[in-house]
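I am attaching a structure below and will ask some questions about it afterwards.
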Amino acid sequence: MLLLTLAALALLPCFTATHRSTSYLTFIPPSSVARPGPPKRRSAAAEGGVMLSDAAGGAQPGDCEDCADVAMRYFEAWNRREMDVAADQFAEDGIYEDLVYPDAFRDRDSFKRHLERVRDRVPPSVQFVVDGISRGDEQFTGVAWHVEIQGRSFPNTRGASFYRCKRCQDGRLRLVYGRDLVEPASKPGDTSLFILSLVSRLFGRFPSLLDMPAAKLPNYLKDIEQREREKSGKSEQQQPAAVGTGVRPVSFESSTSGPLGWLKSGGALWLGYGLYVYFLLVGTQAPGLPAWATPVSEFESLLKQSLDFWFITPILKGVTGLELLPAPMVHPVTLGVFNFFNAWSFCHAALMFSDPKSEGKFDRFVVWVGTMFLTNFFFLPYMALRAGTPLPSPLSNLAEAIEEGDPKSPMSGAVEALTKPWVGYVGFVVGVIALGWVFLAYPDGGFGPPGERWGYLLNQLQTNRIEFAFGVDLVLYSIFQNVLIGEESNRLQQLARQHSRPDVERRVESLKWLRFIPMFGEAAWVALRPQEQDTLPPGQGGRSRRQTGSVS
């Protein structure tokens, strides 16, 4: 893929040159590198790249004749950590798309804040080294680069960038679009060809899948071109073909259908739900007995666990002697696992009722209650129903929604309460108690020390269908937690950027890593995340419509 990318970058100016008759790709030779004193070691720059701070003839302010000069000035400022200068290479409405991030930086201010975060977190010893750059075109350039740390190159640090420039009102040539492609750490090789072949044959066998709706991918280059045409008063039919190329201009059209469209619209999740129900309820392949052959004693055990919901009954009986309900003895490992997933499902409420993608699709309160009792028998369909749904537009209506409110349902007060930080704190505490219960409860009850209980848990996962289902739920909950928190954090950051709240944006950024910690990360995110109204400018508050609206 890297070779194809570099080849495309090398050929790109041949298809896009409209201002010059000649485009060419410059590979930086070793002789262009000037280093004072005897070198202590040969870095990758000395092997054929150029360390930008040492490059002879670097682009200076005012001498940008083509897009490559602007790109070089950006890289040089980045290496010096002069982020104001780096951001100044972009137009005010410039868009920067780093494919490591799920969303683009849609203006110079948001991109500048990103660069400031980079400056604060990445030491100056990390430097970009340009291996080659295409020159001779005022509109487009491509750059092949790698990263060095203290003059040494490291694996998986190569990349390529594509830039588009335009003359701004002050006469300066600036970047209006940038896209970074970074070398992947995982290199599947021929496995990717096998998967592509398999998927292609699948859609060849079932062509109707191509007609399913799919999420639309952003096409920033097309948006920029449309915006510039509107400014210049030219219609799309009046646009000339690329000068001197003899070919049609490159099209960046996005499609709402395609081989992966049905996956994004929830098809894969519905398929997974069918497999989940089959293997855990009907099939005989999974450990333990299927539902139709499960003995009554297993269901009695589940009823006993339900009576010990969140350990309230046994704790009250042990501390005060008060017994609200009969508290039958349940193995501490089984009871601890049961309540651990109850606490995790409880935390889901804060994400579900704050999720605009599921608003109005179904009764979320009923789905959440079902999730509390039957986990992914309800939660997996929830994820499938919301998949492929775009965020409501425009997000800028948040202030009006907060001012108006929308108390449609008698349950709206409960729904709002379930989006508050206390849900995360309660879930976290119950999760800690559940883990402690698994290994430490009833030390004199004959259940053995922690090591023996761990062995009991592993044995149950391999022999008991219900405990095996909890193991599957652990995997699925971890994946869904990552998706929901990732989408919510991106949405909150976008709202914070719209309302000029960099403090809220930084707060969200500092918490996003929590999504990778199963259960406790979700509980901590719910407890510490900003609320939607926190993204508004100071002085605007109230309650969010999504938090006070219908439970549907």
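Taken together, the values in this text are just the output of simple stated rules run on the coordinates, not laboratory data. All values derive from a computational prediction rather than experimental measurement. With ideal geometry, Cβ positions are generated from the backbone for all residues, glycine too; neighbour counts draw on all protein chains shown.
Assuming 0.36 nm per residue, please report the length gained on full extension of the stretch Asn156 to Leu289 beyond their Cα-Cα distance.
Contour length minus Cα-Cα distance gives 43.2 nm.
What ranking, highest mean first, results for peptides 85-97, 461-473 when packing means the other Cβ atoms within 10 Å averaged over each residue?
Highest-to-lowest ranking by the protection proxy: 85-97, 461-473.
Output the antiparallel fraction of DSSP beta bridges having both residues in segment 67-189, as a percent to the nearest 5. Please list the in-between numbers first.
Values: 26 of 31 bridges.
Here the share of antiparallel DSSP bridges comes out near 85 percent.
Next up: When you count, for each residue, the other Cβ atoms within 10 Å and take the mean per peptide, how do 349-360, 272-283, 132-143 rank with the highest first?
Answer by packing, highest mean first, reads 132-143, 349-360, 272-283.
Then there is this: Sort 513-523, 435-445 by packing, meaning the average of other beta carbons within 10 Å per residue, with the highest value first.
On the way: 513-523: 19.3, 435-445: 15.7.
Sorting 513-523, 435-445 by mean packing, highest first, produces 513-523, 435-445.
Which pairs break 24 Å Cα to Cα here: Lys112/Lys166; Lys361/Lys420; Lys222/Lys361; Lys222/Lys512; Lys187/Lys222; Lys166/Lys222?
Among Lys112/Lys166; Lys361/Lys420; Lys222/Lys361; Lys222/Lys512; Lys187/Lys222; Lys166/Lys222, the Cα-Cα distance tops 24 Å for Lys222/Lys361; Lys222/Lys512; Lys187/Lys222.
Let me check I've understood the local charge: for Arg121, count other residues with C-beta under 14 angstrom from its C-beta, Lys and Arg +1, Asp and Glu -1. What total comes out? Don't skip to the answer; put the middle values down first.
On the way: positive: Arg81, Arg113, Arg117, Arg119, Arg506, Lys512; negative: Glu116, Asp120, Glu509.
Around Arg121, the surrounding residues sum to +3.
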